[in-house]
1. Calculate the mean, over all residues of peptide A:123-136, of how many other protein chain Cβ atoms lie within 10 angstrom of the residue's Cβ.
2. Can you work out the accessible area per residue across the range B:37-149, with the rest of the protein chains kept in place, probe 1.4 Å, in square angstrom?
3. Name the shape class, rounded, prolate or oblate, that the alpha-carbon gyration tensor gives for the range A:112-152, where a ≥ b ≥ c are the square roots of its eigenvalues, rounded holds for a/c under 1.5, and otherwise prolate holds if a/b is larger than b/c and oblate otherwise.
4. Could you state the orientation-averaged shadow area of the convex hull built on the Cα atoms of the range A:37-149, in nm² to one decimal?
5. One decimal, nm, shortest first: give the distances between the label point of B:GLY148 and those of the same position in the other copies, each label point 7 Å from Cα along Cα→Cβ.
6. Can you send over the carbon and sulfur percentage of the accessible area for the range B:37-149, probe radius 1.4 Å, protein chains only?
7. What is the average number of partner chain Cβ atoms found within 10 Å of a Cβ in B:87-96?
8. Averaged across B:99-111, how many Cβ atoms of other chains sit within 10 Å of each residue's Cβ atom?
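The values are calculated or read from the model by the stated rules, or taken from the named source; none is laboratory data. Computed from a predicted model, the values in this text were never measured in an experiment. Cβ placement follows ideal geometry from the backbone for every residue including glycine, while neighbour counts extend to all protein chains displayed. The protein model used for the area step is the full one, side chains on, heavy atoms only, and it has no ligands, DNA or RNA in it. Shrake-Rupley method; radii C 1.70, N 1.55, O 1.52, S 1.80 Å.
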There are 2 protein chains.
Amino acid sequence: MTVTDTPGATGRARTVPKPVRATIGRPRPQARDQYTISEVVAYTGLSAHTLRWYERIGLMPHIDRTHTGQRRYSDQDLDWLDFVAKLRLTGMPVADMVRYAELVREGGHTYRERLELLVAHREDVRRRVAELRDTLGVLDFKIDFYAGAEPAPERH
Amino acid sequence: MTVTDTPGATGRARTVPKPVRATIGRPRPQARDQYTISEVVAYTGLSAHTLRWYERIGLMPHIDRTHTGQRRYSDQDLDWLDFVAKLRLTGMPVADMVRYAELVREGGHTYRERLELLVAHREDVRRRVAELRDTLGVLDFKIDFYAGAEPAPERH
DNA sequence: GGCTTGCCTAGAGTGCGCTCAAGGTATTTA
DNA sequence: TAAATACCTTGAGCGCACTCTAGGCAAGCC
C-alpha cells in the first residue's frame, strides 16, 4: 500500500459496526495497470455494483475508461481500494472515507486535515479495541458459568 | 450483572458494526425493583422507544405492568439490559441476541446451545480485535507519514 | 446474422436498528 | 375543572451501506 493516496461526498452516524469481509487477500494478477472491473471484483471481494457505487459517491478517484466506456482500474486504484478496505474494516463510516478522499483530491494543503481525520479515527479504533477486550471478560465469565453449571456436558 | 439471565424472536446479517454508546454507567437509583420506563432510560441511555421495541421483538422477558398498563422494570430486567448492552457493544446482531433471549426463556435444557452461541460470538470478537489491532498498524504508518511529510506542521 | 458475454447507466429496493408520528388513557397539579 | 405530565399502542419512516432491476451497447464466436 502506498502512502500517497489517490481518490474523491461527506456525512456521519453512530452505532456498532458489523463484521466486514476479513480483508483483501487474493494476489494481484501482475502489475498490468489495466484491470477490468471483474478482475477488481476478484481481487477485492467487493461486488461490481459496490465498486461503481463507490465511484458515484466520490470515494474513488477518476477511473480510466476504454474507448467504449468500460472501466480500467490502475495499480494505484487497487492500492486505494486496499486502504479503503482497511478503513471499512475498522468501521469508519463511508461518509468519512469520502471526506478523506475529497481531501486527497484537493491536494497537498489538506495534509493537516487528513492527519487529523486519521488520528481521530485511530483514537476511535483504540477505544473500540479497549471496549471489546473489556467485554471479552464478561463473555469469558458467562461462558465459564455455562461450561460449569451445565446439567452435565453430555447429559443430552 | 447476574449469570442467570432473564429474557425472549430470531435472524442474522453480516457487515462491520458501528460504535455504540460507551456503556451503561449511571448508578441504579437503589434496588426498589420497580423502575418506570423513564428511570430505565436514564439508567441505560436507551430511548423509551427502543426499550419498547426491544420488548416487541422478543429481546426482553415479560415486563411487569401496573394496573393501568405502565411498565415497571425489575432489577433483573436491568441486569439483562446491562448484558444486552455488552453484546450490542461487541456488535452482536439484534437477531442473535433475540435468539439468545429465546433460549433463556426456554429453560435449562438450552444451556448447551447458549454456550455455543456465546463461544462463537467470543471467537468473533477476538477475530475482530485482531483485525483492528492489525489495521492500527496501517493507521500508525499513514499518520507517521503525514506527521513527517507535512509541508511543515505550522505552514498554514 | 444471431447469440453470448461482459460491461454500462439510472434508479429502485433491501435489511438492519432504531426513531418518530398520531392518537389515546390515567394521574398529578394549578 | 382544566391543563400538564407521563405513559400507552400501532404503524410508518429514516439513515446507512449496499444490492438489484431493467434496459442497453459493443466485441467475440459459430
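1. Values: counts 1, 1, 6, 4, 2, 9, 7, 1, 8, 8, 3, 4, 12, 6.
Per residue, the average neighbour count from other chains is 5.
2. Working: 4900 Å² over 113 residues.
On a per-residue basis, the range B:37-149 sits at 43 Å².
3. Details: a/c = 10.81, a/b = 7.38, b/c = 1.47.
Prolate.
4. Working: hull surface 39.0 nm².
Reported value for the Cα convex hull: 9.8 nm².
5. 5.1
6. Working: 2510 of 4900 Å².
Reported share for carbon and sulfur atoms: 51 percent.
7. On the way: counts 4, 3, 7, 9, 9, 3, 3, 0, 0, 0.
For this peptide, the per-residue mean of nearby foreign Cβ atoms is 4.
8. Details: counts 0, 0, 0, 0, 0, 0, 0, 0, 0, 3, 3, 0, 9.
Across B:99-111, the average partner-chain Cβ count within 10 Å equals 1.
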